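The values are calculated or read from the model by the stated rules, or taken from the named source; none is laboratory data. All values reported here derive from a predicted model rather than from experimental measurement. Using ideal geometry, Cβ is built from the backbone for each residue, glycine included, and neighbour counts are taken over all protein chains shown.
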Amino acid sequence: MEKAMANVGAALTSKIEPLYKKIMDKIKAMKANLKTDSEILTEGFKIAYAGFTKTLVQSVINTCMMKSTQAEYQCALPPLNVYMRTSLYNMTYNAALG
């Protein structure tokens, strides 16, 4: 389980890093321009909502598949089923994806 969840974490980090950087750059610019916390929070959520697409989530899943053995991937599925609507994505193991 530990290896499977480490693969999920690594895939998430690598795929979401550009979106995170975009959000943080916007926050820093807004703070420099003395925007309110509410304005900053609203803008951060707008960027995250627009950037966290089905394609991005599927690419995280595909990276998990590519970096995991089938047994590791199968071990990660129960927790993923709790935290996300996996029925919206191709969750069938395929090591060639990613």
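Which of the residues spanning region 50-98 are over 16 Å from LEU12 (Cα atoms) and among the hydroxyl-bearing types (Ser, Thr, Tyr)?
THR69, SER87, THR92, TYR93
Mind counting the residues in region 17-46 that are touching a residue at least 12 places away in the same chain (Cβ under 8 Å) and either within 30 Å of SER68 (Cα to Cα) or among the aromatic types (Phe, Trp, Tyr) (or both)?
Count: 3.
Could you tell me how many of the residues in region 32-47 are among the basic types (Lys, Arg) and part of a helix (DSSP H, G or I)?
Residues meeting the conditions: 1.
Give MET1, MET24 a once-over and let me know the one that is farther than 20 Å from LEU97 by Cβ and modelled with pLDDT under 95.
Going through MET1, MET24 in turn, just one is farther than 20 Å from LEU97 by Cβ and modelled with pLDDT under 95: MET1.
Do you know which residues across region 66-80 are of a type outside the set (Lys, Arg), assigned to a helix (DSSP H, G or I) and over 16 Å from LYS54 (Cα atoms)?
Correct list: MET66, GLN70, ALA71, GLU72, TYR73, GLN74, CYS75, ALA76, LEU77, PRO78, PRO79.
Please go through region 39-83 and pick out each residue that is at pLDDT 90 or above, charged (D, E, K, R) and either surrounded by 14 or more Cβ atoms within 10 Å (Cβ to Cβ) or more than 15 Å from the chain's Cα centre (by Cα) (or both).
The answer is GLU39, GLU43, LYS46.
Considering SER87, SER14, which residue is in a helix (DSSP H, G or I), surrounded by fewer than 16 Cβ atoms within 10 Å (Cβ to Cβ) and in contact (Cβ under 8 Å) with a residue 24 or more places away in the chain?
Step by step, each of SER87, SER14 is checked, and only SER14 is in a helix (DSSP H, G or I), surrounded by fewer than 16 Cβ atoms within 10 Å (Cβ to Cβ) and in contact (Cβ under 8 Å) with a residue 24 or more places away in the chain.
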